[in-house]
Amino acid sequence: MGCRPFLCGDREINRVSDILIRIKRAVLAGQYAFSERARIEMESDGLTALDVAESILNAVAIYKKLRSSSPFHRQREYLYVVQSANLDGLAIYSKGKLVREGGADVYYFLISSKRAL
């Protein structure tokens with residue numbers, strides 16, 4: 001019987017925890033950006049960039065790690081799903097990717113950023 005990668009083995013759990021720490025540090029440093037789709041979804045849900053950033057900083061775990069193939073790059077990417085509340089207690093769902101640019105981590109909110117169900 002198989003298991004989800006970051007639920008099996010301490011090494012994989014530590015890797016995902018390290019990714020969450022890197023994402024949080026990028027957000028704290030202001031090194032994040034939103035895709036047009038994420039901005040549209042945020043607007044329709046009445047969310048601000050601060051709401052979404054606060055939810056990342058409050059996160060205790062990465063909910064899901066997804067493999068994705070970018071049509072613009074030949075390499076495989078990982079997308080991270082985070083479900084967490086902002087400082088007002090509003091549950092927010094976000095999906096993004098962490099990339100290294102110019103020696104620094106940058107977190108891109110790619111697909112969506114909306115109230116968690």
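The values are calculated or read from the model by the stated rules, or taken from the named source; none is laboratory data. Note that the structure is predicted; figures quoted are calculated from it, not measured. Cβ placement follows ideal geometry from the backbone for every residue including glycine, while neighbour counts extend to all protein chains displayed.
Residue check: is G102 modelled with pLDDT of 95 or more and at positive phi? Reasoning before the result, please.
Details: modelled with pLDDT of 95 or more: no; at positive phi: yes.
Taking the combined requirement at face value, the residue does not satisfy it.
Do you know which residues across the range 33-55 are assigned to a helix (DSSP H, G or I), among the hydrophobic types (A, V, I, L, M, F, W, C) and surrounded by 18 or more Cβ atoms within 10 Å (Cβ to Cβ)?
Correct list: A38, M42, V52, A53.
When both residues are 6+ apart or on different chains and their Cβ atoms are under 7 Å apart, which pairs have a first residue that lies in the range 29-45 and is within 14 Å of Y93 (Cα to Cα), and a second that is of a type in the set (D, E, K, R) and outside any helix (DSSP H, G or I)?
From residues that are within 14 Å of Y93 (Cα to Cα), the pairs are E41/K114; D45/K114; D45/R115.
Among the residues in the range 74-82, are any in contact with a strand residue (DSSP E or B) (Cβ under 8 Å, 6 or more places away or on another chain), crowded, with 17+ Cβ neighbours inside 10 Å and not basic (K, R)?
yes
Which of (1) surrounded by fewer than 16 Cβ atoms within 10 Å (Cβ to Cβ); (2) within 18 Å of L110 (Cβ to Cβ); (3) among the small types (G, A, S); (4) touching a residue at least 60 places away in the same chain (Cβ under 8 Å) is the odd one out, the single condition S69 does not satisfy?
(4)
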